Amino acid sequence: MNYPNEIKELLDTLIKQGGSDLHLSALRHPTIRVSGELIPLVQKPELTGEDTKGLVLELLAGGDKELFLKQKDIDFAYALPDGTRFRGNAFFQKGMVGAALRLIPARIPTFEELNLPPILKEFAFKEQGFFLVVGPVGQGKSTTLAAMIELVNVERARHIITVEDPLEYMFAEKKSIIDQREVGFDTRDFKTALRSMFREDVNIAMIAEMRDPETIAAAVTAAETGHLVLSTLHTNNASQTIDRIIDTFPAAQQNQIRLQISTSLLAIFSQRLIPRISGGRIPAYELLINNYAIANLIRESRTAEITSVLETSAEDGMISMNQHLADLVRRGEITQETAFAYSQNPEALQRRLT
């Protein structure tokens with residue numbers, strides 16, 4: 001197999017089919033994901049273990065090859081000659097090599113193209129605080145943050161630093177200065193980059209992911225000291241996000257971090273990309289805004305009550321997932337079956353739809 005040619009053919013197919021991901025697994029046809037569905041490329045032969053290893057090693061840069069073979073998995077970025085970029089992860093399974101690559105669009109979509117609520121623009125222009133986009137893997141979190149950064153880039157003169165692993169969207173500087181730092185290449189790790197940020201005259205920090213207590217602590221401190229911090233977390237909803245952050249720390253530190261979160265948090269935006277009647281996917285989301293009532297619940301360790309406050313605070317700009325799912329059904333964007341499949345409280349959704 002000619003590995004460079006095969007990679008180009010597979011990635012070209014992904015792009016032409018409007019797909020988001022390419023999966024390479026031994027003993028299976030190469031497979032792409034289109035509108036959330038996996039589609040085997042049956043015109044291609046099933047890959048052998050030797051094929052997948054050869055393809056993956058072709059995707060990796062020189063030093064990454066040795067690192068991958070040593071530690072058995074690795075995050076990486078890959079670019080076609082025309083500049084089209086992909087985020088990838090290579091791994092071993094059953095002693096054989098596999099990989100998944102995600103297409104990163106060359107142009108950063110706008111709020112309108114992403115069907116995001118306009119209220120998010122207000123948080124992009126805040127001077128300080130902590131804003132989180134949460135949800136499972138592959139639900140558009142990075143794209144939402146990129147749209148917020150690009151909005152600032154177009155309209156404001158700010159110093160923005162991103163810390164990513166690997167770099168995803170590439171920003172072209174407009175009014176803002178944007179420094180993009182890749183973990184393992186431009187900086188040792190997330191927490192080191194965040195500590196350095198305090199000496200770099202930064203206004204906005206975009207941290208690709210909250211991975212450990214040190215990163216979270218540094219991000220919260222930055223938000224408390226005059227910086228706007230944007231980041232992501234793999235959680236299902238707003239209240240679970242608060243618990244996940246606090247539970248990351250040892251018991252002796254949890255009261256302190258709870259107090260810090262209650263004062264520095266701006267909002268939590270939770271999103272899912274769900275099947276649309278007209279084809280493709282559309283985001284379903286909830287927005288928790290940290291007001292006086294929410295801050296008290298966080299401080300007093302009553303996070304279980306956050307969902308009920310969210311459900312009844314539309315007048316404050318908050319949006320519950322059920323509220324938005326019901327709205328999508330009424331607008332004819334999604335079916336009721338889809339809404340119930342993605343609701344975490346179907347009984348409450350039923351009440352909104354009747």
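For the range 212-244, the candidate set comprises residues that are part of a helix (DSSP H, G or I) and among the polar types (S, T, N, Q); within that set, the residue that is nearest to Glu305 (Cα to Cα) is Ser239. In the set Thr48, Thr52, Thr110, only one residue is of a type in the set (Val, Ile, Thr), surrounded by fewer than 16 Cβ atoms within 10 Å (Cβ to Cβ), farther than 30 Å from Gln260 by Cα and over 23 Å from the mean Cα position of the chain (by Cα); that residue is Thr48. Entry remark, the range 104-126: residues being touching a strand residue (DSSP E or B) at 6+ places or on another chain (Cβ under 9 Å), at pLDDT 95 or above and either of a type in the set (Lys, Arg) or over 24 Å from Leu288 (Cβ atoms) (or both) number 1 in total. Which of the residues that make up the range 1-19 are in contact with a helix residue (DSSP H, G or I) (Cβ under 7 Å, 6 or more places away or on another chain) and either under 18 Å from Tyr78 (Cα atoms) or at pLDDT 95 or above (or both)? Answer for the range 1-19, where residues must be in contact with a helix residue (DSSP H, G or I) (Cβ under 7 Å, 6 or more places away or on another chain) and either under 18 Å from Tyr78 (Cα atoms) or at pLDDT 95 or above (or both): Tyr3, Pro4, Glu6, Ile7. Here the range 262-292 is the region considered, the condition is being outside any helix (DSSP H, G or I) and free of Cβ contacts under 8 Å to residues at least 40 places away in the same chain, and the residue that is nearest to Glu112 (Cα to Cα) is Ile289. A single entry from Leu22, Leu38 fulfils the requirement of being surrounded by fewer than 14 Cβ atoms within 10 Å (Cβ to Cβ), under 23 Å from the mean Cα position of the chain (by Cα), among the aliphatic types (A, V, I, L, M) and modelled with pLDDT of 90 or more: Leu38.
Based on this model, can you work out whether Asp179 counts as acidic (Asp, Glu) and part of a loop (DSSP other than H, G, I, E, B)? No, not satisfied. Cβ-Cβ contacts under 9 Å between residues 6 or more apart (or on different chains), taken from a first residue in the range 29-49 that is free of Cβ contacts under 8 Å to residues at least 12 places away in the same chain and closer than 26 Å to Ser278 by Cα to a second residue that is among the charged types (D, E, K, R) and surrounded by 13 or more Cβ atoms within 10 Å (Cβ to Cβ), are listed as Thr31/Asp21.
The values are calculated or read from the model by the stated rules, or taken from the named source; none is laboratory data. Predicted, not measured: the structure shown is a model, and the values here were computed from it. We place every Cβ from the backbone using ideal geometry, glycine too, and count neighbours over all the protein chains shown.
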